[in-house]
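All remarks here apply to the structure that follows.
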Amino acid sequence: MKIGTRLPGFARDIGFEGYCKWLGENGFDAVDTPPLTAQMARTCAELSLTIGTCDVRGGGLLSNDAAQRRKALNALKRDLTAISRHGGTTCFTVLGPAEPTQSRAETFEIFEKVYPKVVKHAEKVGVKIAIEPWPGGAPWYGNLGCTPESLRRIFEAVPSPNLGICYDPSHFVRLRIDHLRLLHEFSDRVHHVHLKDTEILPEKLYESGILGESYSRTYGFGEGWWRYTIPGEGVVDWQVVVRRLQEIGYDGVLSVELEDHHFWDTPLLQQEGLIRGRDHVAQFFKGGVL
């Protein structure tokens, strides 16, 4: 396994190449990319960085509008082809509706029609798809693939091994889902891993319940009673997670996804958060070696 990152805020200021240089200088092994280009692939090769996941364009793919779906499907197919051509192996996607108020049941009906075509193309070009388990924004939480109930339906509808998950325990913690049990159930579907944690705040939970804060926002990247954190500052036992990943034979990239109120305001804080998150998880690798 190798540890990399998704692109944090300060990467926008220094550009993809500048950020990759920072990763190499600070001992990271991999990077998740925007839609992969030939230049990005060359940059990664020159700096000996493994490509983790590659973002794709998929907005509108699960829309009720057939024309919008066709346009999104064509764009996604082009991105999958580019990933394969430039040496990437895994795309990162969110199964979200075009309209946030669309019900999950309605979105799934569209998914059943559209996603077999997506996965067929992914199989053709040799690319895996990793579903992000972010549930979507409040108050609708309309995304698919965020719960065992949803994942079972997804993999029943599209059983191809090219379709899998980005295992990110932070989302399951905030949804009160047993993240270790989920890892066990879907172990053969883990195509990527995000290193992000969640802190549960009992006092905030008492004040506003799971509805979240109504009149203020104490933390960025949270809803009052919970907040995302770097690994080691939330409730996830990363030693157990790493052990389970090793047991199932996962040998891919683990990417620090920085969404932490305390490590966000400045580039230096973001850099500190990325390094601290990596170091917390790396200590649990066998022999201390990645």
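Taking the stated definitions as given, is residue 227 among the basic types (Lys, Arg) and in a loop (DSSP other than H, G, I, E, B)?
In short, no.
Please state which of the following conditions residue 53 fails to meet, knowing it meets all the rest: (1) in a helix (DSSP H, G or I); (2) under 30 Å from residue 17 (Cα atoms).
(1)
So for the range 19-31 (the condition being more than 24 Å from residue 194 (Cα to Cα) and surrounded by fewer than 18 Cβ atoms within 10 Å (Cβ to Cβ)), does at least one residue qualify?
no
Tell me which residues, restricted to the range 98-119, are open to solvent by 70 Å² or more (accessible area, probe 1.4 Å), free of Cβ contacts under 8 Å to residues at least 40 places away in the same chain and farther than 18 Å from residue 149 by Cα.
99, 113
For residue 258, are the conditions met, namely being modelled with pLDDT under 95 and assigned to a loop (DSSP other than H, G, I, E, B)?
No.
Restricted to the range 1-13, and to residues that are part of a helix (DSSP H, G or I) and free of Cβ contacts under 8 Å to residues at least 60 places away in the same chain, which residue is farthest from residue 249 (Cα to Cα)?
So the residue we want is 12.
Would you mind telling me which numbered condition in (1) part of a loop (DSSP other than H, G, I, E, B); (2) within 27 Å of residue 27 (Cα to Cα); (3) open to solvent by 70 Å² or more (accessible area, probe 1.4 Å) residue 268 fails?
Single failed check for residue 268: (1).
Residues being closer than 15 Å to residue 113 by Cβ, buried (at least 16 other Cβ atoms within 10 Å of the Cβ) and of a type in the set (S, T, N, Q): count how many of those fall in the range 41-72.
1
Looking at 137, 88, 142, can you tell me which residue is of a type in the set (Gly, Ala, Ser), within 27 Å of residue 183 (Cα to Cα) and open to solvent by 20 Å² or more (accessible area, probe 1.4 Å)?
On the way: 88 fails: open to solvent by 20 Å² or more (accessible area, probe 1.4 Å); 142 fails: open to solvent by 20 Å² or more (accessible area, probe 1.4 Å).
Going through 137, 88, 142 in turn, just one is of a type in the set (Gly, Ala, Ser), within 27 Å of residue 183 (Cα to Cα) and open to solvent by 20 Å² or more (accessible area, probe 1.4 Å): 137.
Being open to solvent by 10 Å² or more (accessible area, probe 1.4 Å) and touching a residue at least 60 places away in the same chain (Cβ under 8 Å) is true for just one of 232, 222, 252. Which residue is that?
Step by step, each of 232, 222, 252 is checked, and only 252 is open to solvent by 10 Å² or more (accessible area, probe 1.4 Å) and touching a residue at least 60 places away in the same chain (Cβ under 8 Å).
Would you check if residue 168 is among the charged types (D, E, K, R) and free of Cβ contacts under 8 Å to residues at least 60 places away in the same chain?
no
Looking at the range 188-201, which of the residues that are of a type in the set (Asp, Glu) and not in a helix (DSSP H, G or I) is least open to solvent (accessible area, probe 1.4 Å)?
197
When you check residue 250 against the structure, is it within 26 Å of residue 9 (Cβ to Cβ), outside any helix (DSSP H, G or I) and in contact with a Phe, Trp or Tyr (Cβ under 9 Å, 6 or more places away or on another chain), yes or no?
no
Name the one entry in 243, 189 that is more than 30 Å from residue 14 (Cα to Cα), in contact with a strand residue (DSSP E or B) (Cβ under 8 Å, 6 or more places away or on another chain) and without any contact (Cβ under 8 Å) to a residue 60 or more places away in the chain.
Result: 189 is the single residue among 243, 189 that is more than 30 Å from residue 14 (Cα to Cα), in contact with a strand residue (DSSP E or B) (Cβ under 8 Å, 6 or more places away or on another chain) and without any contact (Cβ under 8 Å) to a residue 60 or more places away in the chain.
The values are calculated or read from the model by the stated rules, or taken from the named source; none is laboratory data. What you see is a predicted model; the values in this text were computed from it and never measured. Every residue, glycine as well, gets a Cβ built from its backbone with ideal geometry; the counts of neighbours run over all protein chains shown. Just so you know, the surface numbers come from the protein's heavy atoms only, side chains and all, with ligands and any DNA or RNA stripped out. Shrake-Rupley method; radii C 1.70, N 1.55, O 1.52, S 1.80 Å.
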